[in-house]
Amino acid sequence: MKWKEALKEMEPYKPGRSIEEVKDLYKLKEVVKLASNENPYGCATSVMEFLKSPSMPFQIYPDGHATNLRSKLATKYNVDDSSILFGNGSDEIISIISRALLRENTHTIMPAPTFPQYAHNAKIEGADITEIPLVDGLHDLNAFLSAVNDRTAVIWICNPNNPTGNLIPNDVLTKFLREVPRNILVVLDEAYFEYVTDPNHIDLVRLLNQFPNIIILRTFSKAYGLAAFRLGYAIGSPSVITELNKVRNPFNNNSLALAVANVALEDDGFIEECRRKNEVQRERFKSYASLNGLHVYDTQTNFVLMEVPCDADEASEFLLKNGFIVRSGNALGTPMHVRITIGTEEQNTGIFLAFDLLLKEKGR
Ligand SMILES: Cc1ncc(COP(=O)(O)O)c(C=O)c1O
């Protein structure tokens with residue numbers, strides 16, 4: 001068959017080990033998954049209540065315009081309805097953007113390491129990719145500017161960045177945006193926006209009027225605790241959103257997901273509570289790292305990228321045997337580190353104990 005050239009060198013997405021798999025493998029009663037940056041507190045009680053008896057006609061296609069959710073988000077962010085695009089997770093928005101703008105002989109720029117779906121989708125479309133190494137976990141935006149050429153179509157910014165968690169200071173970001181040619185789409189992926197507590201961080205939606213070539217990606221998968229429903233959205237200039245909408249599948253969000261997100265959006269209290277609890281637990285990780293002389297990136301998210309005293313795969317396997325699933329930095333481009341989702345107080349106490357055992361075994 002006449003597959004795209006690019007597919008020859010690519011691998012299908014490999015999901016991490018599931019809780020059940022690890023329980024079976026190591027004969028464990030209790031396993032905690034801290035590998036995919038999900039919300040350890042679940043989702044809002046109002047969502048759980050709604051899910052007891054959702055009433056909707058399942059024989060009818062979903063509202064392909066997501067009318068209610070669209071209008072709620074438009075009000076929340078004070079933007080026009082036509083400024084919003086919904087995706088089956090922000091994953092799908094990344095693929096819509098790539099499909100609409102990237103092809104052979106186009107060029108795209110992204111940090112490294114970062115969320116792998118930017119490169120994955122760009123490869124499928126056959127675009128040339130320039131990866132700009134992070135500097136101390138931060139995007140090197142001057143190097144991004146130097147890499148721009150007349151074929152550059154999309155620049156990917158992950159803010160805060162996955163897997164490091166660092167946030168770009170506003171002034172650095174706005175200076176960069178002023179210098180990027182207006183015919184390049186700058187994607188600002190803010191999947192972890194709700195977890196940011198840096199008081200200096202502004203809501204980047206405010207920059208849209210000034211920079212019509214930016215698009216902001218957010219998701220219901222992280223702080224809202226709704227990863228299973230696959231719902232993400234983008235906020236951009238209506239002219240950009242109109243083009244992207246041409247690529248979107250007509251019914252890409254299911255009715256239940258749209259209804260659930262509507263309920264979730266009513267509950268700001270849940271998000272605030274999760275942000276506050278996460279911040280307290282995040283500080284515990286930073287203290288643990290500093291107490292034990294382990295490097296940790298300055299995260300503003302619900303995960304930490306922490307140094308380990310041995311090869312990252314070995315450390316992950318050790319933690320796995322002790323009942324904790326984390327992501328090895330070897331797979332993320334950050335050797336000698338593991339990425340750990342910040343859990344509940346109890347879960348974190350558990351992983352610190354497992355970490356103590358690891359440090360002891362390695363003579364630290
Ligand atoms: C930076 C970043 N962007 C996008 C996504 C995808 O999220 P979604 O569940 O909305 O597809 C993730 C998920 O881990 C992420 O870390």
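Kindly state, to the nearest 0.05, the FRET efficiency for D140 paired with R103, given R0 = 41 Å and r defined as their beta-carbon distance. Before the final figure, lay out each step's value.
Working: r = 27 Å, r/R0 = 0.65.
Here the calculated transfer efficiency is 0.95.
Gaussian network model of the chain, Cα springs within a sub-10 Å range: biggest mean-square fluctuation belongs to which of K52, K33, K72?
The residue that fluctuates most here is K52.
For the chain, with a Gaussian network of springs between Cα atoms less than 10 Å apart, report the residue from L51, L291, L319 with the top mean-square fluctuation.
Looking only at L51, L291, L319, the biggest GNM fluctuation is shown by L291.
If I build a Gaussian network model for the chain, linking alpha-carbon pairs within less than 10 angstrom, which residue out of R230, R182, R327 has the largest mean-square fluctuation?
For the chain, modelled as a Gaussian network with Cα springs under 10 Å, the answer is R182.
So which lysines can K29 reach, going by Cα to Cα under 23 Å and dropping same-chain residues fewer than 8 places off?
Hits, sequence-local ones excluded: K321.
Rg and Dmax in Å for segment 210-364, alpha carbons only: what are they?
Using the Cα atoms of segment 210-364, the pair Rg, Dmax is 19.4, 59 Å.
What does the accessible area per residue of the chain come to in Å², with a 1.4 Å probe and no ligands, DNA or RNA counted? Provide the component values of the computation, followed by the final result.
Values: 17200 Å² over 364 residues.
Normalised by residue count, the accessible surface of the chain is 47 Å².
Under a no-solvent Debye model with one identical scatterer per Cα of segment 114-267, what's log10 I(q)/I(0) at q = 0.15, 0.18 Å⁻¹?
For segment 114-267, the Cα-only Debye profile gives -0.89, -1.29.
Of all accessible surface on the chain at a 1.4 Å probe, what whole percent is carbon and sulfur? Don't jump to the answer; show the numbers that get you there.
Values: 8820 of 17200 Å².
Roughly 51 percent, rounded to a whole number.
Mind listing which GluC sites (Glu not before Pro) in segment 139-242 are in a DSSP loop and have 13 or fewer other Cβ atoms within 10 Å? Let's see the in-between values first.
Working: sites: E179, E190, E194; in loops: E190.
In loop regions of segment 139-242 (DSSP not H, G, I, E or B), there are no sparsely surrounded GluC sites (Glu not before Pro).
Within 12 Å, Cβ to Cβ, of N166, how many net charges do the neighbouring residues add up to if Lys/Arg are +1 and Asp/Glu are -1?
Residues near N166 contribute -4 overall.
Could you give the semi-axes, largest first, of the ellipsoid that matches the chain, computed as the square roots of 5 times the alpha carbon gyration tensor eigenvalues and rounded to whole Å?
Values: eigenvalues 206, 136, 86 Å².
Each semi-axis is √(5λ); the values are 32, 26, 21 Å.
Would you mind checking the radius of gyration and Dmax of segment 173-213 based on alpha-carbon positions, in Å?
Looking at segment 173-213, its Cα Rg and Dmax stand at 11.3, 32 Å.
Relative contact order for the chain: what is it in percent, counting Cα pairs under 8 Å that are at least 6 residues apart? Working shown, then result.
Numbers: 636 pairs, mean separation 83.2, N = 364.
Here the relative contact order equals 23 percent.
Taking the highest mean first, how do the peptides 347-354, 99-106 order by number of other beta carbon atoms within 10 angstrom per residue? Please list the in-between numbers first.
Values: 347-354: 17.6, 99-106: 16.0.
The peptides rank, most packed first, as 347-354, 99-106.
Please work out the FRET efficiency for the pair T197 and F58, using the Cβ-Cβ distance as r and a Förster radius of 30 Å; give the result to the nearest 0.05.
0.15
The values are calculated or read from the model by the stated rules, or taken from the named source; none is laboratory data. No experiment lies behind these values; they were computed from the predicted model shown. Neighbour counts are summed over all protein chains in view; Cβ atoms, including those assigned to glycine, are modelled from backbone coordinates with ideal geometry. SASA here: full protein model, heavy atoms, side chains in, ligands and nucleic acids out. Shrake-Rupley method; radii C 1.70, N 1.55, O 1.52, S 1.80 Å.
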